[in-house]
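Colleague: Structure in structure tokens, see below.
The values are calculated or read from the model by the stated rules, or taken from the named source; none is laboratory data. Keep in mind that what you see is a predicted model, and the values were worked out from it rather than measured. Reconstructed Cβ throughout: ideal geometry from the backbone, glycine too, with neighbour counts over all protein chains shown. SASA here: full protein model, heavy atoms, side chains in, ligands and nucleic acids out. Shrake-Rupley method; radii C 1.70, N 1.55, O 1.52, S 1.80 Å.
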Amino acid sequence: MEFDRRTLFGAAALPLLPATLGKASLSGNWDEIAGQYDVTREIIQLEHGNWGMMSRPVQQAYLANVERVNRDTSYYARRTMNDDLQEVTEKVADFFGVAFEEITLTRNATEALKALILQYNRLKPGDAVLYSDLDYDSAQACMDSLGERRGVRVVKIALPEPATHDNLVAAYAEAFAANPDVRMALLTHVSHRTGFVLPVAEIAELARAREIDCIVDAAHSVGQLDFALPDLKADFIAMNLHKWIGAPLGVGALYIRKERIAAIDPDPAEPPDSTGIYSRAHTGTPDYAAQLTVPTALAFQSAIGSTRREGRLKSLRDRWVTALRELPQVQILTPDDPRCYGAITSFRLRGLVTREQNVALAAKLLERHRIFTVHRTGLASGACIRVTPALATREREVDRLAEAIREIVSTT
């Protein structure tokens, strides 16, 4: 396969698709967009939250980049690849509405969160840090470790359930007021447990008024919701590009507002006097082909449009939730306030709150109905089942989910 910069940055990989995708999303022809994904026929896949499926054009670009990197190896890497990766980063920064100097690529959001939490250098003994039960497990572990590493007090709060936009803002306001020594807080924009969309901007502004820095986990919100990074009003954000952006597996990004880069120490593998954001995450050798494919994934998503993409994902969620909302045996864990959800929503059958009960329910959906979901734990209120449609999902598939849950309830 002949390889040139047009292949690298998506022009050859998406010859006619931008116009085609734009017309399809404008007209509501979502089956045409779903047809750009090669989906397994063994099951109905409603667990797209682990990582995102590459569309066919993105996968083709990735294979071309694998061939290039594999064929030319160090001859390419030591001569021109750095310039190409810089251009990738510039495109990522432009896509998210921030400056090039504020973005660096990582292998995933977890790697970015580790850097932001563990290298945050504004803590002193006697300070406190705060996180919630909806935050990601490894991020919680990083926050917990600050007690021993930095001699700070670690505060964990349980967010209210049922959650609403207003009671979550109030929960953080109360926690900040009750713990005036808090200097840093972890906020998860979209919960991987329930899909609830935290009002990050409002909470971050409350925090800023108390001189609290917020580290934001945007692993699930980037590409699922329609926003630019500055909209979150936070100086430190970790994200994935291999979830809702649909880049190859193994690409994330780290954002630090350029005036705040000094608040995060360089990675221990970097010189201690390094000043650039790139020095805050030392990944070693990443999957260069995956990183080089990111512009194609961004082009694919841009052709659809972020507002229309969010609307489609919400409509898929609404379709099964509306069908079950009035069923008394089913507890939906996100409200219908459009500010509070995207694609992801979790549910449980009332009274079934243990891990084992929800593992069994997910197994029943798979074995009886060939619908794949995943159980989630860690909520103060108990375990649940997460449902995650994506652009590859068709309406009849979420209809099948609603029918299956109704059948299970009727025979329980």
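Colleague: If you take the square roots of the eigenvalues of the alpha-carbon gyration tensor of segment 147-267 and sort them as a ≥ b ≥ c, do you get rounded (a/c under 1.5), prolate (a/b over b/c) or oblate?
Modeller: Cα axes put segment 147-267 in the oblate bin.
Colleague: Same structure again: Please say if the chain is rounded, prolate or oblate, where rounded means a/c under 1.5 for a ≥ b ≥ c the square roots of the C-alpha gyration tensor eigenvalues, and otherwise the choice is prolate for a/b larger than b/c and oblate otherwise?
Modeller: Here the chain falls in the oblate category.
Colleague: Once phi is turned into θ = phi - 60°, what whole-Hz ³J(HN,Hα) does the Karplus curve with 6.51, -1.76 and 1.60 give for every residue of segment 198-211, x standing for Gly and Pro?
Modeller: 6, x, 4, 4, 5, 5, 4, 5, 4, 5, 4, 5, 9, 6
Colleague: Please list the non-local residues whose amide H lies under 5 Å from the amide H of residue 44, H modeled 1.01 Å from N, same-chain partners needing a gap of 5 or more.
Modeller: 371, 372
Colleague: So, counting K/R as plus one and D/E as minus one, what does the shell of residues with Cβ under 15 Å around residue 74 add up to? Intermediate results must be reported in sequence, preceding the final value.
Modeller: On the way: positive: 68, 71, 78, 79; negative: 72, 84.
Overall, the nearby charge balance is +2.
Colleague: On to the next question. Determine the shape class of segment 111-151: with a ≥ b ≥ c the square roots of the Cα gyration tensor eigenvalues, call it rounded for a/c under 1.5, and otherwise prolate if a/b is greater than b/c, oblate otherwise.
Modeller: Values: a/c = 2.08, a/b = 1.37, b/c = 1.52.
Taking the square roots of the gyration eigenvalues as a ≥ b ≥ c, segment 111-151 is oblate.
Colleague: Now a separate question. Quick check: at a probe of 1.4 Å, how many percent of the accessible area of the chain sits on carbon and sulfur atoms?
Modeller: Ligands and nucleic acids excluded, carbon and sulfur give 50 percent.
Colleague: Something else now. Mind giving me the nanometre distance, one decimal, between the label points for residue 366 and residue 210, set 7 Å out from Cα along Cα→Cβ?
Modeller: Inter-label distance under the simple model: 4.2 nm.
Colleague: Can you give me the Cα centroid spacing of segment 253-296 and segment 318-338 in angstrom?
Modeller: 41
Colleague: What does the charge add up to near residue 223, with Lys and Arg as +1, Asp and Glu as -1, over the other residues with Cβ less than 11 Å from its Cβ?
Modeller: 0
Colleague: Which value in nm describes the separation of the simple spin-label points at residue 259 and residue 355, placed 7 Å from the Cα toward the beta carbon?
Modeller: Going from the residue 259 label point to the residue 355 one covers 4.5 nm.
Colleague: With every protein chain present, what accessible area does residue 51 have (1.4 Å probe, heavy atoms only), rounded to the nearest 10 Å²?
Modeller: The accessible area comes out at roughly 130 Å².
Colleague: Using Cα springs under 10 Å in a Gaussian network model of the chain, which residue among 170, 93, 281 shows the largest mean-square fluctuation?
Modeller: 170
Colleague: Same structure, new question: Tell me which residues come under 5 Å, amide H to amide H, from residue 130 once H is placed; ignore anything under 5 positions away on its chain.
Modeller: Here the answer is 155, 184, 185, 186, since their amide H atoms fall under 5 Å of that of residue 130.
Colleague: May I pose another question? Quick check on the chain: helices-only [θ] at 222 nm, where DSSP H runs of length 4 and up contribute -39,500 (n - 2.57) each and the sum goes over total residues. Nearest 500, please.
Modeller: -13000 deg cm²/dmol
Colleague: Along the charge dipole of the chain, which of 295, 54, 387 sits closest to the positive end, that is, farthest toward it, with unit charges on the beta carbon of Lys, Arg, Asp and Glu (+1, +1, -1, -1)?
Modeller: The listed residue farthest towards the positive side: 387.
Colleague: So what is the accessible area of segment 232-317 per residue, in Å², with the probe set to 1.4 Å?
Modeller: Per residue, segment 232-317 has an accessible area of 31 Å².
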